[in-house]
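These notes are about the structure you will find just below.
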Amino acid sequence: MLIIAGCIGGIAAFAGPSAAATGTAAIQQDAATENVSEEAYKQPVPDRDDEYFEAADPENDWVSYINPRDKYRSPYLGDGSGKICVTMVNEAGEVVDGQSIPNTTVKVPTGESLDWHTSADPFTVEYPLTEHYERPLDADQFGDSPDLIKGDGYLDSHCMEIHGLPEDGSVEYGEANVTGEHADDVDVVGYIQQENEAWDADVDPIDDAESYEEAGGGWTYYPGGSHGQVVVVLQLDDADGNVDDPENTDSSGDSTNSSIDGDTDDNDDGDTAAETIPGFGILTAIAALVAIVLVRRRR
């Protein structure tokens, strides 16, 4: 019984570090999900009886919410309409309002066709949104819920809206420019442009964002295709390195492996790999005792 107990103890000593490593990996994964420089900002879309609900298409092609940056051109030249929006997400891809980046501004240049718009030339967004705007977010541009006409049920974008352009007119915008106290903590992920049709919200702000050149930098209307939208996608980038970086994790793993390999290959005392692992010395001693007992019994 003593021999069996000793063997079990030796095996537990060997298995213990592996089990601990598994638990540590799970904790690190949870921390990577939670460790963001700013928590998600969630604001549900207005219900139909809410004062900020504006209108919905009878054929369920679009839904509109009240937006103080929604302007109609005067004189009204046609049914050309559109949006230019900015979305900010954290390191986990969750929508934020910019509490972690005060005194930071994003500017999107606009073309001559929008000179009349009070929010254009350029379209300027100041952070934090909740400290600068009555309606910080006004559109649900991303997500696909079966219970809604568009989106996932939460506002995610700060937009300027356009109405009254000629149906053969154009809208142009330039590359977004981030300035201010925390400009280095914001990355321009890219642009998502959809033109000449209603906005398809079944897109991902990170995965579907394109470069400025690929997105197009604007659109031209035509009869039956008199709508266009673009969303500039921004993401918080923890410049201080507080958020777990997969590359850093890989690097640490490589370093650990190198250390283990070095102990095995460069051991001057001629120890084997098994002897350098905790628990194997005990097992070797137990095996020797078992052999002695068996020999004595045979005699």
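Structure notes:
- The Stokes-Einstein estimate for the range 53-236, based on a Kirkwood radius over Cα pairs and taken at 37 °C with 0.692 mPa s viscosity, is a diffusion coefficient of 199 µm²/s.
- For the range 53-236, the residue among GLY225, VAL203, TYR133 whose Cα projects farthest onto the positive side of the dipole built from Cβ charges is TYR133.
- All distinct Cα pairs of the range 123-206 go into the 1/r average, and the inverse of that average, the Kirkwood radius, is 15.3 Å.
- Separation of alpha-carbon centers, the range 135-198 and the range 65-129, rounded to whole Å: 7
- Extension gain for the segment HIS163 to GLN43, taken as residue separation times 0.36 nm less the Cα-Cα distance, is 40.6 nm to one decimal.
- All lysines inside 24 Å of LYS71 as judged from Cα atoms, apart from same-chain residues fewer than 8 positions distant: LYS83, LYS107, LYS150
- Normalising the Debye intensity of the range 88-129 to I(0), with uniform scatterers on Cα atoms only, and taking log10 at q = 0.16, 0.17, 0.24, 0.30 Å⁻¹ returns -0.51, -0.56, -0.79, -0.95.
- Looking at the range 32-140, the GluC sites (Glu not before Pro) that sit in a DSSP loop and have at most 14 other Cβ atoms within 10 Å of their own Cβ are GLU39, GLU51, GLU59, GLU134.
- Rel. contact order, % - alpha carbon contacts under 8 angstrom, at least six apart, the range 53-236: 30
Bear in mind that the values in this text are calculations on the coordinates, not laboratory data. What you see is a predicted model; the values in this text were computed from it and never measured. Cβ coordinates were reconstructed from backbone atoms using ideal geometry, including for glycine residues, and neighbour counts include every protein chain displayed.
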